Ligand SMILES: Nc1ncnc2c1ncn2[C@@H]1O[C@H](COP(=O)(O)OP(=O)(O)OP(=O)(O)O)[C@@H](O)[C@H]1O
């Protein structure tokens, strides 16, 4: 196994205008692990994710994706870095006027030189990998919430990325569907070696499939805890961190 981290965040500061949300944020994501970004509402989890994937530029510090920095990289070199990851945001809806298969075909047509029959085959394989084999001709509006999430993951995986970034993947799902989604992510991670960076609030997911986490805190503008979530739950010396993991009311 390659020991170099798939993602390295070094001394990152992020925010908007004069408002610094976080500073001195440093952590690595190891290859093949399920890494989670946790924290209270408004602590900057989504902002951190967007800094990592190059939607925002860090105010300070840097982010290396598989050794490469998106900042200052343009053209074909930037494309090459972007191809290493797939993204599925909460709002990352499927195109409603297209079938599921057409939704997966789209990035393959746009970014590969594969002939149409190979594209069709790959797209079907991606749907089958997320348990949607047989649903190729369905329209997004006909799908349950859990099926839509899985389809969005299939689309994010279309180009065989090494890393998948997911923003609150289980939001709005019932507990059983959410647990099924977790099992899918675990399988993709362990069988295909995909590395995951997931923003989530779901304690079941965090303890069930999270290998390591970082926890952001708005008050201290940075990471308050990092490591194995089960260890943090049971042994963190930080009262707020323990309360978060035990769902205790922080200010009763
Ligand atoms: N584009 C933007 N311009 C200005 N402020 C922003 C922008 N995006 C987010 N913010 C602000 O930054 C803060 C952190 O937002 P962010 O969405 O990163 O938090 P979060 O931890 O993901 O929150 P939640 O758990 O509620 O989704 C919020 O106060 C938000 O209003």
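Bear in mind these aren't lab numbers, they're just calculated from the coordinates by the rules spelled out. Everything numeric here is computed off the predicted structure, so don't read it as measured data. Cβ coordinates were reconstructed from backbone atoms using ideal geometry, including for glycine residues, and neighbour counts include every protein chain displayed.
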### Task
Determine the relative contact order of the stretch 93-160: mean sequence separation of Cα pairs under 8 Å and six or more apart, normalised by residue count, in whole percent.
47
#### Entry: Label point distance in nm, residue 160-residue 55, each placed 7 Å from Cα along Cα→Cβ
2.7
### Query
Which value in nm describes the separation of the simple spin-label points at residue 141 and residue 246, placed 7 Å from the Cα toward the beta carbon?
4.9
### Task
With everything on Cα atoms, drop me the angle between helix 100-111 and the longest principal axis of the chain, reported from 0 to 90° to the nearest 10.
80
### Task
Only Cα pairs under 8 Å and at least 6 apart count here; give the relative contact order of the chain as a rounded whole percent.
25
## Note on the structure
Taking the alpha-carbon centre of each part, the distance from the stretch 181-206 to the stretch 39-84 in Å is 20
### Query
Using Cα atoms only, what is the angle between the long axis of helix 145-156 and the major principal axis of the chain, expressed in degrees (0 to 90) to the nearest 10?
80
### Query
Quick one: helix 116-129 against the long Cα principal axis of the chain, what's the angle to the nearest 10°, folded into 0 to 90?
50
### Query
Can you give the three extents of the C-alpha atoms in the stretch 93-160 along their principal axes, from longest to shortest, in whole Å?
32, 22, 18
### Message
Ignoring solvent entirely, what values of log10 I(q)/I(0) come out of the Debye formula for the chain at 0.16 Å⁻¹ when each Cα is a single scatterer?
### Response
-1.23
### Query
Between residue 26 and residue 71, what length in nm is gained on full extension when 0.36 nm per residue of separation is reduced by their alpha carbon distance?
14.5 nm
### Message
Just want to confirm a number: the relative contact order over the stretch 141-236, from Cα pairs under 8 angstrom separated by 6+ residues, in percent.
### Response
22
### Residues of the stretch 51-79 with amide N under 19 Å of the 7 Å Cα→Cβ point at residue 110
53-56, 74-79
### Message
Sort 44-54, 210-220 by the packing proxy (mean of other Cβ within 10 Å over each peptide's residues), most packed first.
### Response
44-54, 210-220
